[in-house]
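I have placed the structure first, in the form of structure tokens, so that the comments after it can refer back to it.
The values are calculated or read from the model by the stated rules, or taken from the named source; none is laboratory data. Everything quoted here is computed from the prediction, not taken from an experiment. Reconstructed Cβ throughout: ideal geometry from the backbone, glycine too, with neighbour counts over all protein chains shown. Ligands, DNA and RNA are stripped out before the accessible areas are found, and what is left, the full protein with its side chains, is counted by its heavy atoms. Shrake-Rupley method; radii C 1.70, N 1.55, O 1.52, S 1.80 Å.
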Amino acid sequence: MQLLEERILQDGQVRPGNVLKVDCFLNHQLDIALLDEIGKAFYEVYKNDGINKILTIEASGIAIACMTARHFGVPVVFAKKAKSKNIDGDVYTSTVHSFTYGKDYDITLSKKFLGPEDKVLIVDDFLAVGKAMHGLLDVCKQAGATVGGIGIAIEKGFQPGGETLRGQGYKLTSLAIVDYMDDEGNLRFRSQE
């Protein structure tokens with residue numbers, strides 16, 4: 001998605017340790033017009049796949065999921081990173097390792113919101129190693145839900161997450177794939193023509 005790539009080049013910041021900061025438009029302050037275009041792009045790819053739920057993980061994926069769901073006309077469900085007192089009943093759980101925070105945490109999702117009748121599109125802001133995605137896939141498996149596809153705003157193509165998921169047979173759409181980043185702030189996108 002050229003619009004997203006241009007925005008990353010304009011406003012993104014490459015930080016040491018393979019960190020790409022896009023907090024001024026994607027995951028702290030939100031550019032709603034850009035998010036709407038991201039949602040529309042995912043809709044164009046998956047509109048004929050029978051998607052009836054959009055699934056993500058809190059917190060950064062929620063805005064992308066909401067704008068995507070608007071185009072599909074379906075609900076958003078998100079896994080919480082901690083079991084809170086306001087989740088009633090049975091839950092699906094999976095353990096996820098956070099690249100950003102360098103720790104493990106459990107994600108939870110109420111069983112009443114995901115089941116065998118659901119065909120989900122999983123969306124998130126970033127894909128690097130794929131730990132969060134594997135946690136969401138595990139939750140889908142526990143629920144008996146079908147994964148219709150995975151939509152990622154920014155994939156770090158030099159890390160194994162995307163290649164692993166594609167190798168497992170998932171239909172994965174990444175709107176911008178960064179193939180190279182260095183500590184001097186240089187980055188290069190993969191051609192997706």
Packing-based order for 154-166, 104-116, 6-18, using average beta carbon neighbours within 10 Å, highest first: 154-166, 104-116, 6-18
Over the chain: helical MRE at 222 nm, DSSP H runs n ≥ 4 each giving -39500 (n - 2.57), nearest 500: -9000 deg cm²/dmol
Whole-number percent relative contact order across segment 1-81, with pairs defined as alpha carbons under 8 Å at least 6 apart: 25
0 to 90° range, to nearest 10: angle between helix 131-143 axis and the chain longest Cα axis: 20
Estimated dipole of the chain in Debye, rounded to 20 [Cβ of Lys and Arg +1, of Asp and Glu -1, Cα centre]: 640
Per residue value of the accessible surface for segment 1-71 (all protein chains in place, 1.4 Å probe), Å²: 48
Relative contact order of the chain, defined on C-alpha pairs under 8 angstrom at six or more residues apart (%): 20
Per residue value of the accessible surface for segment 98-193 (all protein chains in place, 1.4 Å probe), Å²: 47
Mean separation of Cα contacts under 8 Å (6+ apart) over length of segment 31-136, as relative contact order %: 31
Positive-end extreme of charge dipole, the chain - chosen from LEU26, VAL14, TYR180 (charges on Cβ): LEU26
Reachable aspartates and glutamates from LYS131, criterion Cα separation under 12 angstrom, eight or more residues apart if same chain: ASP104, ASP106
Helix 60-72 vs. the chain, principal-axis angle (Cα, 0 to 90°, nearest 10): 70
Summed residue charge, Cβ within 14 Å of ALA59's Cβ, Lys/Arg positive, Asp/Glu negative: -2
Heavy-atom accessible surface of the chain: percent carbon and sulfur, 1.4 Å: 47
Between 0 and 90°, nearest 10: helix 32-46 axis offset from the chain longest Cα axis: 70
